[in-house]
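Report on the following structure.
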Amino acid sequence: MNIEEFNKVKDMNYNEYCDYLQNKYGIGVSDYMTKSFNINPKCKRTKDGLLAHHKAEDKAVMLSNPKIARDLPFEWQTKENIVYCDYLEHLFLHVLICKYPSVDKIPNHDVGIGGVINFLVPELNDFYSGWVTNQEWRMHCHDKIKDDVNVYFEIILRFSRWL
């Protein structure tokens, strides 16, 4: 996501942004998990620099973890409920979850915040500080956002204001 696109989407709520990204990249190419809760590699689009995000992450955390997912509705794993995004778009999704958590949120699930502070910000800080991964899938994802550090700073600034 470049700064022009960020300025276009910055005032959307979580559901609007999910719809925007599904229009931009399409819905999931397949369900994220099989009926036996094994991660389906056919769902991935990292060669395109895109990550898979569950729309229902505004209701529960760690939906990509089979141990957690099996106790939640399987519908949350279906391709219609997968949103593709680059790393910055993924960060913005989690920031929006913090601002707009679902009214149907599972009790004791602090949605959004873990994705921001435990996963996305540490990796993006490392990447924008010069760290180079040796994982090919991650290289594709990093390459997609390499010129957009200004967007990263805008998202972090927005996040800090919403806390």
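Testing ASP143 on (1) surrounded by 13 or more Cβ atoms within 10 Å (Cβ to Cβ); (2) within 21 Å of ILE3 (Cβ to Cβ), one condition comes back false. Which one is that?
So ASP143 meets the others, but not (1).
Considering every residue within segment 53-63, establish whether at least one is in contact (Cβ under 8 Å) with a residue 60 or more places away in the chain and either touching a Ser or Thr at 6+ places or on another chain (Cβ under 8 Å) or open to solvent by 50 Å² or more (accessible area, probe 1.4 Å) (or both).
For segment 53-63, residues in contact (Cβ under 8 Å) with a residue 60 or more places away in the chain and either touching a Ser or Thr at 6+ places or on another chain (Cβ under 8 Å) or open to solvent by 50 Å² or more (accessible area, probe 1.4 Å) (or both): absent.
Any residue in segment 128-157 that is without any contact (Cβ under 8 Å) to a residue 12 or more places away in the chain sitting within a Cβ distance under 7 Å of a residue that is of a type in the set (A, V, I, L, M)? List the pairs, counting only those 6 or more apart or interchain.
Every condition considered, the pairs that remain are THR133/MET139.
Checking the structure you have, find out if any residue of segment 88-96 is surrounded by fewer than 22 Cβ atoms within 10 Å (Cβ to Cβ) and either closer than 22 Å to VAL9 by Cα or charged (D, E, K, R) (or both).
no
Those residues that are within 17 Å of the chain's Cα centre (by Cα) and outside any helix (DSSP H, G or I), I need them from segment 147-163; list them, please.
ASP148
Does ILE97 qualify as being in a helix (DSSP H, G or I), among the aliphatic types (A, V, I, L, M) and at pLDDT 95 or above?
no
Considering each of ILE68, ILE106 in turn, give the residue that is in a loop (DSSP other than H, G, I, E, B), at pLDDT below 95 and either open to solvent by 40 Å² or more (accessible area, probe 1.4 Å) or of a type in the set (Gly, Ala, Ser) (or both).
Unique residue meeting the criteria: ILE106.
Looking at segment 18-46 only, could you name the residues that are under 16 Å from the mean Cα position of the chain (by Cα) and assigned to a helix (DSSP H, G or I)?
CYS18, ASP19, TYR20, LEU21, GLN22, ASN23, LYS24, TYR25, CYS43, THR46
The values are calculated or read from the model by the stated rules, or taken from the named source; none is laboratory data. In this text, all values refer to a predicted model and were calculated from it rather than measured experimentally. As a convention, Cβ positions derive from the backbone with ideal geometry for all residues, glycine included, and neighbour counts pool all protein chains shown. To get the accessible areas, we keep the full protein, side chains included, count just its heavy atoms, and leave off ligands, DNA and RNA. Shrake-Rupley method; radii C 1.70, N 1.55, O 1.52, S 1.80 Å.
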